[in-house]
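Input: a single structure, listed below in structure tokens.
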Amino acid sequence: MELWVLLLTVGFVAGYLILAGRITALKREIAVLTSSHQVPERQSADVAPETPTVESEPQEPTPETNEGGSVEDVAAPTGARSWGQPGDEEPADAAPQDAIAAQVAHQGASVSLEQKIGTRWIVWLGGLMFALGGIFLVRYAVNEGYFGPGARIFMASLLSIGLLVLGEKLRRAPSLQAIANLPGVAIPPIITSVGIIIAFATAYASYALYDMLGPEAVFILLAIISVGSVVLAAVHGPILGGLGLIGSYATPALVSSDEPSVIILFTYLTFVTLAVLALVRLRAWWYIGLMAVAGSAIWSLIAIFFVGHPDNLVMLSLYLPLMTAAFMFTPLTPDIENADDLQWRRVLIGTAVATFGVLSLLFVHSEETATLALLSLAAYGAIGAVAAFRVHLLDRELLISVGLVVLTLLLWVPIGAIPFELSDAASRGALSPPGVPSELQFYTWVLALFAVAYAGGGYWALSKVSNRGLWASVSGTVPIVLLAVVYWRSTAMETSMAWGLVAGLVAGLLAYTASTCRAHERGSDGAVGAYATAALAALSLGLAMVLRDAWLTASLSLLLVGIAWINASLALPLLRWVALLIAGIVTLRLTFNPALMSYDISTTPIFNFLIYAYALPAAAMAVTATWMRRHKDDLVVQCLEAGAALLFTLFVSLEIHHWISGGDLFSEKYEFGERAIQTLTWLALSFFYYRLGQRHGRSVLTYAGEILRWLGLAHLLLAQLLFGNPLFVPTFVGDLFFFNLLTLAYLAPALFTGLYSITAKERGDRQTSLWFGGATLGLLLTFATLQIRQVFQGGMLPGGTTSDMEWYVYSIVWLLIGLGVFALSFYRGGRDLRLAGMVVITLATTKGFLFDMAALTGFLRAISFIGFGGALIGIGLLYQRFVFPPKSSSAPEEAQ
């Protein structure tokens, strides 16, 4: 079993060697390209004709080149010569080296398949086969029994030492130094790596196969081999560094013990990690640092979830913050701001901060008595803050650290986590905060200490950092978030005057800090705005605590007005985006609000809960948009205007439903009368938004009016004409003439569609004007027809017998409507109106010939046709007189 583990380890190492070799080859290709790019420039400079030039100051050597050297020549520190980095002294065979270097510079970017096979793949394959051959040799000797265990281990040790010596000898060979820049060639590191692998396998075999070494001895031996490979990496390159790192972190897993020591384990891991980080900083191999983060995280997870040793709690509480500090401060060299590899350094720091923050969270949640874990979490937060304080570029890492600390405290289950001393004091009432259950007292004090630490530390740092807005935001936000967490845990979001007073006290302190911040050296617009916003947030939270759950949205909307007022004085861009975020939360909460079902709205029409739940946020957004527009008209203002229009529309619609349903906002009934009122309301609001947007140049309101208009018309078409028409669906529309639901459902909407048609015509949109004009005429005909039906049939339109008089009235009314529209065309001077009138008259005439001739009898039939005939003759006279008058003719002679 142990042999299979060893073989898997070797396979993993081989995979790493291939990947590391590819990275090294890419770096060398970049160096070759740089050198080949500079050679033609120097040659062209040598042969260029002499031309008058302006003297310029001598330039400093760039980091990329150093007197014709490669990139790695400059990057390597003094005294640290690795493979592919020749020293300053000239080798004996300089001429061959110059020829090879010229060949390297001449190669260019393209590499043939033959070159890849001959210089890269063969080397890697040979190294892998060499390592496997050593392992198979040992296995063969075991199976055949040629040598005893001691002889086998001795010969394998000699082979390993020989390979290590050969690798070092080849590294110093002048002929191989000359081809160090050839892409893909890394023979000395490969041979040295094979020697390390065989040494590792030999040491493990002496323990696992032959029992020649005890656990303690083999652990020390494997550690020496692993750390030795890390040291050799300083001169042989990152291949050995990664190999040593893998071996170092795999060593504790390969050695078993009857009495495992957590102290020894974490001491060893600390030593190994610090050694790797020293190499990482020396050679700037930041990706090796990422591998070290992974190794440390894996062992930490094992210790958190699978190790039940009594020393585990103490060692983890020391190891996690120590590793956080090591990984964060290793890349923080004095010249980090100007470093070429700044991005890689930030990746390493950010990865370490996120990884050890998550580990700290898991550590806190895995311990029943979390005192030491909380101390470790506090140290983690302090390390992140100190690093960000030293280097202002680590703003992102500071936010990650703070966010993970707050998340840990939020998710921590404090039940049973009270130390004995604090529990006794709490039982005596000495440490009992008011309104906090006994099992949450320790939890409350812990969060209070974290809040004070972040608030005070952030305020203290303001005078010494450049990004004061960020530090002020952390200082003001963390106490409010932790206060909300304790309030939630203690009261389950029930109203509490005591907690409201605490929130008010915090708001007052933050407001005082904002007022005094500008007057001192800590002051800046960003810091003042951050503290002022935090004060408003604390005040809003206090209102939510004192009043009721539903007031949380209302208090957030009031916070918008406060932000707008502060922005009017300070003009801080950050405040505008904070306002946009809050407005988005309020809008989404009120638009998609399942909690609305649980609110006590009361049955009073209009003056009920909906006013402060919807009307108040809509008004707050409108006021905020108006104030912010005075400074800048941007996306934030447009979103606030859109939110105000949406919430006000929802408020009116919900009030209508609440009123018609008798106070039951959640009634599923949606009768014809309510549908008519909702349609009329949407059309009215759409016209109001549209005209307001046109008058004040607010495109958002204009678009809101158009969207609401089409929604209203779609609702009218579907709910009142096609599927909810009272002519087909039994619906009581009222007994009174004109003053009934038909007027609301059809005549009143026709007025708004007529206004839309006129408005579209005024702005020159003839097509839209025709559409809305046709809708208006259709609604008028529908209203007139259904109103006639209501006069003859009563409040219920379906059923009943249609009398001759009812048929006759239909014809007369349709004809009068057509004549009215036709006559209006002469007043308005519109051909479209004249044609519309002719369409209605044609419709009425068609009805007369098709239906009246068969359905009417006697006097009504005669009167109907006489009326139609007179109307048509009159229309013909109007056409001859006004539409197409006879043209004036010339003299008779000219006619002849």
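Taken together, the values in this text are just the output of simple stated rules run on the coordinates, not laboratory data. Since the structure is predicted, the reported quantities are computational estimates derived from the model, not experimental observations. Cβ: placed from backbone, ideal geometry, glycine included. Neighbour counts: every protein chain shown.
Val231 to Leu547: extension gain in nm, 0.36 nm per residue of separation minus the Cα-Cα distance? The partial results should precede the final answer.
On the way: separation 316, 0.36 × 316 = 113.76 nm, distance 6.60 nm.
That pair, Val231 and Leu547, stretches by 107.2 nm at full extension.
Taking 0.36 nm per residue of sequence separation and subtracting the Cα-Cα distance, how much length would be gained by fully extending the chain between Ala492 and Leu362, in nm to one decimal?
Details: separation 130, 0.36 × 130 = 46.80 nm, distance 2.47 nm.
Extra length available between Ala492 and Leu362 comes to 44.3 nm.
Could you order the peptides 217-224, 801-808 from most to least packed, using the average number of other C-beta atoms within 10 Å per residue?
On the way: 217-224: 18.0, 801-808: 14.6.
By packing density, highest mean first, the sequence is 217-224, 801-808.
For region 590-728, what is Rg from Cα atoms divided by 2.2 N^0.38 Å, rounded to two decimals?
On the way: Rg = 16.4 Å, N = 139, 2.2 N^0.38 = 14.3 Å.
Compared with the compact-globule rule of thumb, region 590-728 sits at 1.15.
Where Lys and Arg each count +1 and Asp and Glu each count -1, what net charge lies around Ala645 among other residues with Cβ under 12 Å from its Cβ? Could you put the intermediate results ahead of the total?
Numbers: positive: Arg698; negative: Glu641, Glu706.
It works out to a net charge of -1.
What is the projected area of the convex hull of the Cα atoms of region 671-800, averaged over all directions, in nm²?
Average of the hull's projected areas for region 671-800 equals 7.6 nm².
Please give the peptides 559-569, 148-158, 788-798 ranked by average Cβ packing (other Cβ atoms within 10 Å per residue), highest first, as a rough proxy for protection. Write out the running numbers ahead of the final one.
Numbers: 559-569: 20.4, 148-158: 15.1, 788-798: 16.8.
Sorting 559-569, 148-158, 788-798 by mean packing, highest first, produces 559-569, 788-798, 148-158.
R0 = 22 Å: FRET efficiency of Gln343 with Leu399, Cβ-based, nearest 0.05? Each step should come with its number before you reach the end.
Numbers: r = 18 Å, r/R0 = 0.82.
For R0 = 22 Å, the calculated efficiency reads 0.75.
Quick one: if you stick a label point 7 Å off each Cα along the C-beta vector at Leu501 and Ala714, how many nm between them?
5.4 nm
Taking the simple approach of a point 7 Å from Cα along Cα-to-Cβ for both Arg831 and Glu806, what is their distance in nm?
Taking the simple label geometry, Arg831 and Glu806 are separated by 4.2 nm.
For Leu736 and Phe305 in one chain, what is 0.36 nm times their gap in residues minus the Cα-Cα distance, to one decimal in nm?
On the way: separation 431, 0.36 × 431 = 155.16 nm, distance 7.93 nm.
Contour length minus Cα-Cα distance gives 147.2 nm.
For region 744-858, what is the largest minus smallest coordinate of the Cα atoms on each principal axis, given in angstrom and ordered from greatest to least?
49, 29, 19
Region 697-713 to region 786-836: how many Å between their Cα centroids?
Spelled out, the Cα-based centre of one part sits 32 Å from the other.
What FRET efficiency do you get for Ser515 and Glu668 if R0 is 56 Å and r is their Cβ-Cβ distance, rounded to the nearest 0.05? Present the calculation step by step, with values, prior to reporting the outcome.
Details: r = 53 Å, r/R0 = 0.95.
Computed FRET efficiency for Ser515 and Glu668 comes out at 0.60.
Spin-label point model (7 Å from Cα, Cβ direction): what's the Val413 to Asp335 distance in nm?
Placing both labels 7 Å beyond Cα along the Cβ direction yields 5.3 nm.
Give the calculated FRET efficiency between Val839 and Leu722 to the nearest 0.05, with a Förster radius of 25 Å applied to their Cβ-Cβ distance. Working shown, then result.
Working: r = 22 Å, r/R0 = 0.86.
E(calc), rounded to 0.05, equals 0.70.
Quick one: net charge of Gly712's neighbours, Cβ under 13 Å, K/R +1, D/E -1?
Values: positive: Arg675, Arg709; negative: Glu706.
Residues close to Gly712 contribute a combined charge of +1.
Order of 525-531, 753-759, 296-302 by packing, highest average Cβ count within 10 Å first? Walk me through the intermediate numbers first.
Numbers: 525-531: 24.7, 753-759: 19.4, 296-302: 17.7.
Final packing ranking: 525-531, 753-759, 296-302.
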